[in-house]
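To start, the structure itself, in structure tokens.
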Amino acid sequence: MTDLLALFKERGAVLDGHFVLSSGLHSPRYVQCARVLMDPVLATRLGTDLARALEGALGAAKPGAVVAPALGGVLVAHEVARAFGCRGLFTERQDGAMTLRRGFELGRGEKVVVVEDAITTGKSTREVMDAVRARGAEPMAVGSLVDRSAGELDFGVPRRSLLRLEVPTWEAAVCPLCAAGAKPEKPGSRR
């Protein structure tokens with residue numbers, strides 16, 4: 001895909017202001033991947049591109065499932081799974097912990113790819129990986145449409161992203177936007 005950042009901006013998916021991310025960190029930029037994923041043709045193309053990027057990390061192994069956290073990763077998991085020809089599943093929070101529900105099952109030793117719409121701190125991704133391992137399955141790679149971590153996260157498996165953005169983040173106590181009196185918005189799914 002040509003210039004992915006330009007596409008995200010064109011679709012109104014890149015927001016500038018003062019935001020509280022799902023991680024709790026504050027940032028002057030937010031990427032609302034749902035603005036891009038609402039186009040089914042584009043969602044399929046992005047899922048295919050992410051699956052292709054992940055294929056090199058997987059070698060000859062093929063995943064039995066692609067798993068993502070709800071809500072933001074659901075469409076990403078679906079489209080990456082479509083490209084791999086496997087099941088697309090998602091985790092949800094139950095009693096504060098990520099878990100597979102709705103009758104979703106993983107087999108012992110089953111190879112799984114974990115995907116996200118955007119990764120900043122990796123907290124949700126790690127929680128999904130833990131939920132996969134709790135079912136006896138094996139996370140073999142991590143993928144995301146957007147990487148806001150500056151490539152600094154290590155999940156212990158190969159990781160690929162379609163777009164890397166270097167955007168500052170701050171704890172609320174040291175956020176310069178808060179210090180200037182700006183009120184943050186919380187556009188993410190974890191409220």
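The values are calculated or read from the model by the stated rules, or taken from the named source; none is laboratory data. Because the structure is predicted, anything quoted here is derived from the model rather than measured. As a convention, Cβ positions derive from the backbone with ideal geometry for all residues, glycine included, and neighbour counts pool all protein chains shown. SASA here: full protein model, heavy atoms, side chains in, ligands and nucleic acids out. Shrake-Rupley method; radii C 1.70, N 1.55, O 1.52, S 1.80 Å.
When R82, R29, R102 are checked against the criterion of being assigned to a helix (DSSP H, G or I) and surrounded by fewer than 20 Cβ atoms within 10 Å (Cβ to Cβ), R82 stands alone in meeting it.
Count of the stretch 158-190 residues, restricted to those that are touching a residue at least 24 places away in the same chain (Cβ under 8 Å) and not in a strand (DSSP E or B), is 18. When P176, P168, P187 are screened for being closer than 26 Å to A97 by Cα and not hydrophobic (A, V, I, L, M, F, W, C), only P187 passes. Within the stretch 54-79, the residues that satisfy the criterion of being closer than 18 Å to D39 by Cβ, of a type in the set (A, V, I, L, M, F, W, C) and open to solvent by less than 30 Å² (accessible area, probe 1.4 Å) are V76, A77.
Taken over the stretch 116-141, residues that are open to solvent by 40 Å² or more (accessible area, probe 1.4 Å), farther than 22 Å from A53 by Cα and outside any helix (DSSP H, G or I) amount to 1. If you filter the stretch 9-26 down to residues that are open to solvent by less than 30 Å² (accessible area, probe 1.4 Å) and within 15 Å of the chain's Cα centre (by Cα), you find that the one that is modelled with the highest pLDDT is A13. Scanning the stretch 85-99 for residues that are of a type in the set (A, V, I, L, M) and either open to solvent by 40 Å² or more (accessible area, probe 1.4 Å) or not in a strand (DSSP E or B) (or both) yields one hit, A97.
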